[in-house]
Amino acid sequence: MASIISGYEYDIFISYRQKDNKYDGWVTEFVDNLKKELEATFKEDVSIYFDENPHDGILETHNVDKSLESKLKSLVFIPVISQTYCDPKSFAWQNEFVAFNKMAGEDQFGRDIKLTSGNVASRIIPIKIHDIDASDNELLVNELGGRLRSIEFIYKSAGVNRPLKPTDNPDKNLNKTFYRDQINKVANAIKEIIYCLNPDSKKLISKAHHAKDLTDYTVDQSKSVIEKLAPGKLVSRTAILLVSFGILIVLALVFFYPKLIQKAKTEISATELIKKAIAVLPVSNNTGNPELEYIAAGIQDAIISHLWEISSLVVKSTYSTSQFRNSKESIQEIAKKLSANNIVESSIVGSGDSLMINVRLIEAFPVEKYIWSSTFNQNRNNITTIYREITRRITDGIQIKLTPQEEKKLTSTRSDNQDFINAYNKGKFWMNQVTPTPEGFEKGLKYLNEAIAIDPTDPRPYLGLALGYSNAGHVSPAAADASNRAKAYALKAMELDSTLAEAYTVLAARYLYTEWNFPAAERALKRSLALNQNLSSIHYTYAWFLTLTRKNDEAVAEMKKAVEVDPLNPYCTSYLAWLYSFIGRNEEAIAEARKTLDLDPNYTTAFYVMGSAYSEMGMHYEAIEMQKKGLAISPGYESGLGVAYARAGQREKALEVAAGMEKNLNSWYAWGLAEVYATLGDKDKAIYYLEYAYKQHQDFVPWMRYDIYFKPLYDDPRFKDIVNRLNLPD
């Protein structure tokens, strides 16, 4: 039986591993019950593809005819997720799950569709019959580009992990789940998706259909009009045409003018919709108790997190705003430096149990003025409500109209447990020190784990640990295997809340720089950007990803967004400078590097980038001096000096630099040594050190394909071999 929608083979395709149906026929029983439920849910007959005969070979063997491809052409895909399903080597996973995910993403509807409620649903509806391993969950997250949203048929009790049966007593199941209710959920989810894909036919009249009817209608009506004006008279072809033309104009005005007006209005509103920039300054702790500094930091963090939900706001980063802690500068001076016309000032007074939060929203230009000022009393019962109210007052004050989705996010609640909030805020405070220390990292670790113990279902402390291990894990012996821990905590946070952009950022960095899993990196990057445009880290990471495929103009635009969000962070400005240098725009690289030195005169990366740019421009004396200045501040960029000497023709000095790096060899120095030796023309040594960097998974290796210092190696088969092994995106 064909699908409800023409062009599709089936409405529903059910995918499973044969192993999961052998023991007791669970999948067959599920399909039989689902068919009955669908008959009671849909007015129409709904078609299901389900391989009832395992000997057909569709699920377990690779010897399958082309019929599978047409069968996959379905509206909804239901994979039965079990302990055996998530196996990349299995036919069901590779040729059904992965194949449908790709196919749905490219067809007329797309994989993710907007429901009538405004929510977005996937055409993949997983049925989960077992709790699965973390590695299987990660496989699903990577393929789907987000958290697994499934309908569970799992029977849970001590030591038990099996599929739910219709005969199971829900009172004895830890999930308290009724089998019939779960079947009903599946049917209703299918119905909502299919009805959104196939709305009432009256709403799908095509423009071509309108146009044809309009022409036929016009000629007929012209004759009718003339007959009424001159009954019984011979009507000329010219008269008919003139009247037809007049009627066409009227009809065009009726049918198309409102659409043109609406289009014009849309275009005007789009040009008028300029994102407003806002900066939330550090909260002043006026309690007289320095131990309450973590509360002040937590308030700033909470306000920013709420403002992040609003797409029409550019929210300046905490790093950039931290420069103005206890600042004596005027609001207008601060606003100029941050490029933000709207400033939020706050302070706290009182004690830990009873605080007053004073908040002021200030417009900086054309003249400095208070938009509003209020005092909020914080106690154990109204923390979440306060932050929602502050956010609402801010958006009203700067005249921001929220979308329905943003309204919904602002009304959602998190834990109000005061012990949880205190532990979480202390953990974030110590993990987020501008200059990380072992003591701070270990305190943050302690408090965030305390928060997890209080409420293991809240994703925030897991995310705090992911960010802590990712950004500051290197400072403490307590952070052994920091990169893997960061990834694990990010995945856990996403399992609890798939809308956490920062979790995707942690994963994107891991996939891009360490694991070299470029498809997974791209999915995580795009998901994070869709969720939050106010994270500088996601913009500069995406910028570097784009350079892998030579999308250099897009990369520059993305890197500039990082600077827009975090304008006073030398990390961002130096990355923009470095990007310009990498793509050969050397004068712009020097200009941005100078801006970095204005922010921090001792920022060594800026000296390295300027030296590299000068080398490319043939200004060898300036290049060497810049590299020496940077190394005088701190070691690390010795390769820049080695390349500068080599470019200047000072071979012996370049070799001297290389010899010093070889005595302290690590993956970073191996990369730099490859650049020095390639510049000197020693291809064998350059390839040797590139291989070393490759084996150590040095994070710059994926960019070797376009590294200007490796031009002498581009045609070398050994160089090409390393590039091919990377499986870089096209």
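Odds and ends about this structure:
- Check on ASN449, more than 24 Å from THR385 (Cα to Cα), open to solvent by less than 80 Å² (accessible area, probe 1.4 Å) and either not in a loop (DSSP other than H, G, I, E, B) or not aromatic (Phe, Trp, Tyr) (or both): yes
- Filter result for VAL186 (of a type in the set (A, V, I, L, M), open to solvent by less than 30 Å² (accessible area, probe 1.4 Å) and over 19 Å from GLU96 (Cα atoms)): yes
- Counting residues in segment 77-88 that are farther than 20 Å from ILE48 by Cα, of a type in the set (Val, Ile, Thr) and assigned to a strand (DSSP E or B) gives zero.
- Odd one out for LEU361 among (1) touching a Phe, Trp or Tyr at 6+ places or on another chain (Cβ under 7 Å); (2) part of a helix (DSSP H, G or I): (2)
- Selection within segment 322-344 - part of a helix (DSSP H, G or I) and either open to solvent by 10 Å² or more (accessible area, probe 1.4 Å) or in contact (Cβ under 8 Å) with a residue 60 or more places away in the chain (or both): SER322, GLN323, PHE324, ILE331, GLN332, GLU333, LYS336, LYS337, LEU338
- Unmet requirement for ILE132, which otherwise passes all of (1) surrounded by fewer than 17 Cβ atoms within 10 Å (Cβ to Cβ); (2) assigned to a loop (DSSP other than H, G, I, E, B): (1)
- Selected residue (only one of VAL98, VAL120 is modelled with pLDDT of 90 or more and farther than 19 Å from PRO163 by Cβ): VAL98
- Residue that is nearest to the chain's Cα centre (by Cα) [pool: residues in segment 153-179 that are surrounded by fewer than 17 Cβ atoms within 10 Å (Cβ to Cβ) and touching a residue at least 40 places away in the same chain (Cβ under 8 Å)]: ASN161
- Top-ranked residue in segment 286-301 [being out of contact with any Ser or Thr (no Cβ under 9 Å at 6 or more places or on another chain) and closer than 24 Å to ALA501 by Cβ; ranked as surrounded by the fewest Cβ atoms within 10 Å (Cβ to Cβ)]: TYR294
- Candidate set: segment 89-114, residues that are outside any loop (DSSP other than H, G, I, E, B) and small (Gly, Ala, Ser); chosen: the one nearest to SER15 (Cα to Cα): ALA92
- When residues in segment 135-169 are screened for being at pLDDT below 85, of a type outside the set (A, V, I, L, M) and assigned to a helix (DSSP H, G or I), 5 of them pass.
- Residues located in segment 351-364, provided they are open to solvent by 40 Å² or more (accessible area, probe 1.4 Å) and either among the acidic types (Asp, Glu) or more than 17 Å from GLN300 (Cα to Cα) (or both): SER351, ASP353, SER354, GLU363
- Restricting the first member to segment 620-637 and to residues that are without any contact (Cβ under 8 Å) to a residue 24 or more places away in the chain, and the second to residues that are hydroxyl-bearing (Ser, Thr, Tyr), the beta-carbon pairs closer than 6 Å and six or more apart or on different chains are GLU622/TYR614.
- Among the conditions (1) closer than 22 Å to LYS653 by Cβ; (2) without any contact (Cβ under 8 Å) to a residue 12 or more places away in the chain, PRO712 misses just one, which is (2).
- Residue match in segment 564-582 (condition: under 31 Å from the mean Cα position of the chain (by Cα) and farther than 22 Å from SER320 by Cβ): yes
- Residue list for segment 543-594, restricted to those being small (Gly, Ala, Ser), open to solvent by 10 Å² or more (accessible area, probe 1.4 Å) and out of contact with any Asp or Glu (no Cβ under 9 Å at 6 or more places or on another chain): ALA557, ALA591
- In segment 428-446, the count of residues that are part of a loop (DSSP other than H, G, I, E, B) and open to solvent by less than 20 Å² (accessible area, probe 1.4 Å) is zero.
- When the residues of segment 511-542 are filtered to those that are of a type in the set (Phe, Trp, Tyr) and buried (at least 21 other Cβ atoms within 10 Å of the Cβ), the one that is farthest from SER581 (Cα to Cα) is TYR511.
Residues are listed down the side, and each one gets a yes or a no for (1) open to solvent by 10 Å² or more (accessible area, probe 1.4 Å); (2) within 21 Å of TRP544 (Cβ to Cβ); (3) modelled with pLDDT of 95 or more:
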{"site": "LYS653", "(1), (2), (3)": "yes, no, yes"}
{"site": "SER667", "(1), (2), (3)": "yes, yes, no"}
{"site": "ALA674", "(1), (2), (3)": "no, yes, yes"}
{"site": "TYR688", "(1), (2), (3)": "yes, no, yes"}
{"site": "GLU691", "(1), (2), (3)": "yes, no, yes"}
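- The residues in segment 9-41 that are open to solvent by 10 Å² or more (accessible area, probe 1.4 Å) and among the aromatic types (Phe, Trp, Tyr) can be counted, and the count is 2.
- For segment 19-35, a residue qualifies if it is of a type in the set (Lys, Arg) and either touching a residue at least 60 places away in the same chain (Cβ under 8 Å) or over 15 Å from ALA189 (Cα atoms) (or both), and the qualifying residues are LYS19, LYS22.
- ASN377 being touching a residue at least 12 places away in the same chain (Cβ under 8 Å) and open to solvent by 50 Å² or more (accessible area, probe 1.4 Å): yes
Here is a yes/no grid of residues against (1) in contact with a Lys or Arg (Cβ under 7 Å, 6 or more places away or on another chain); (2) among the hydrophobic types (A, V, I, L, M, F, W, C); (3) surrounded by 24 or more Cβ atoms within 10 Å (Cβ to Cβ):
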site	(1), (2), (3)
MET626	no, yes, yes
ILE633	no, yes, no
GLY642	no, no, yes
GLN650	no, no, no
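- Condition broken by GLY681, with the remaining ones in (1) free of Cβ contacts under 8 Å to residues at least 40 places away in the same chain; (2) more than 28 Å from GLU652 (Cα to Cα) satisfied: (2)
- Count of segment 300-335 residues which are at pLDDT below 95 and basic (Lys, Arg): 2
The values are calculated or read from the model by the stated rules, or taken from the named source; none is laboratory data. As the structure is a computational prediction, the values presented were derived from the model and not from experiment. Cβ sites come from the backbone with ideal geometry, for glycine too, and all protein chains shown count toward neighbours. Heads up: the accessible areas ignore ligands, DNA and RNA and are worked out on the full protein's heavy atoms, side chains in. Shrake-Rupley method; radii C 1.70, N 1.55, O 1.52, S 1.80 Å.
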